[in-house]
């Protein structure tokens, strides 16, 4: 259940090398507890609206425990957002498992990522990390993992159903998440509903349902050579 | 030169109806001066690293003038970011005017938006607006204008050169800017260079140069019907 591997280096940094297994395990539990308590507060009130004291109270812990495990509120914010994004990525994969077509797969992914605020939370963490490059390694590991797991899941479905796709799985995954961040950040600023966000994501991905038949077909795509049909403009 | 129409309603709100033309003009000049002074400070130090006192000093103005014209630092931040994004949009159109092919057009747009930090600045404003819905109308007008002008510019090029495009101009514009926000926000968090950001944008847009010939061709795109080629799963 707990998402540990992407954060292992950070965690190890706080542990003395000779720590007993029991101590490490208790430390992991405490870290996880603090992340669980901080995440809803950060989502609701943002970074500046949440204090270390608030988080400590919500976790029934001492403020010093937060600084011991995470050093700063900003580091805790980014780690919460990264962890939540990887949980979301797993949920999207689960939701998309039943898809029978590439279009159904994309629809299931888009509906899942737009249902909650994890992507908006992560976008805030990205904006923060721009000013706090000490937090960049965690963000980088998270994004690498997001894309590698997304690509693996998509490739698995392509293989399983014998889909033919124009795009490589890695490219599809990068495209999907970049679009998700852009559309959701923009949509949250304008107070859009999850349904509107999902429709906009599908529109931007070029996946809006033009027909009710959700099956792939042979398509002929003509891209006329520009020089052969110019109207003479310089 | 000055980008006024998207901000006219805000500006008008601060002006008494009977104000003389000269006063309105002086007010516009002062607003513009304050925006010019604030923008580089916000870009360099972010919202929390910039004070109203800093901005007043940079503009050779009084702090009370900032609150008179913009009410809050947050409103000034969002207005700076919106104005700068519309300047960038105009610069991208100019840069893309010489493109002879749809691919060349996209390359010119991507190179221009990734050369500076206006999109990252705007992404920060979007994240802020999520928590400050009183600022949403300005963001909304900016995005509407971004898309309508982007779609108009692209449609003009399509018409001029007789390009055939699979996507509607409005859809192309929305897709381009959503991808720009997602890729640039992610890339800035990881400290990527403009060249890396541009390459990633083209990759995500599916526009990386696979051949050196930059001409459109007739392409056959096969999307096999999933049900006809399933390997029996589910």
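The values are calculated or read from the model by the stated rules, or taken from the named source; none is laboratory data. Predicted, not measured: the structure shown is a model, and the values here were computed from it. Using ideal geometry, Cβ is built from the backbone for each residue, glycine included, and neighbour counts are taken over all protein chains shown.
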Out of all the residues in region A:129-139, is one or more assigned to a helix (DSSP H, G or I) and farther than 21 Å from residue B:187 by Cβ? no
Filtered residue count, region B:1-32, keeping only those that are within 21 Å of the chain's Cα centre (by Cα) and at pLDDT 55 or above: 2
Mind checking whether some residue in region A:110-118 is within 23 Å of residue B:191 (Cα to Cα) and touching a residue at least 12 places away in the same chain (Cβ under 8 Å)? yes
Do we have residue B:233 as at pLDDT below 95, surrounded by 14 or more Cβ atoms within 10 Å (Cβ to Cβ) and under 30 Å from residue A:159 (Cα atoms) here? no
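Yes/no per residue for (1) modelled with pLDDT of 95 or more; (2) within 28 Å of residue B:204 (Cα to Cα):
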{"site": "B:39", "(1), (2)": "yes, no"}
{"site": "B:52", "(1), (2)": "yes, no"}
{"site": "B:92", "(1), (2)": "no, yes"}
{"site": "B:95", "(1), (2)": "no, yes"}
{"site": "B:98", "(1), (2)": "no, yes"}
{"site": "B:105", "(1), (2)": "no, yes"}
{"site": "B:111", "(1), (2)": "yes, yes"}
{"site": "B:119", "(1), (2)": "yes, yes"}
Does residue B:128 qualify as being more than 19 Å from residue B:89 (Cβ to Cβ) and either more than 9 Å from chain A (Cβ to nearest Cβ) or at pLDDT below 95 (or both)? yes
Just the residues that are free of Cβ contacts under 8 Å to residues at least 40 places away in the same chain and in a helix (DSSP H, G or I), please, taken from region A:93-109. A:94, A:95, A:108
Residues (buried (at least 16 other Cβ atoms within 10 Å of the Cβ) and without any contact (Cβ under 8 Å) to a residue 40 or more places away in the chain) located in region B:64-90: B:65, B:66, B:70, B:73, B:88
Single match in B:213, B:171, B:159, B:207 (criterion: modelled with pLDDT under 90, at the interface with chain A (Cβ under 7 Å from one of its Cβ atoms) and over 24 Å from residue A:139 (Cα atoms)): B:171
Out of all the residues in region B:131-153, is one or more touching a helix residue (DSSP H, G or I) at 6+ places or on another chain (Cβ under 8 Å), at pLDDT below 95, surrounded by 24 or more Cβ atoms within 10 Å (Cβ to Cβ) and farther than 22 Å from residue B:44 by Cβ? no
What about residue B:60, is it at positive phi and either in the same structural domain as residue B:121 (by TED's automatic domain parsing) or more than 25 Å from the chain's Cα centre (by Cα) (or both)? yes
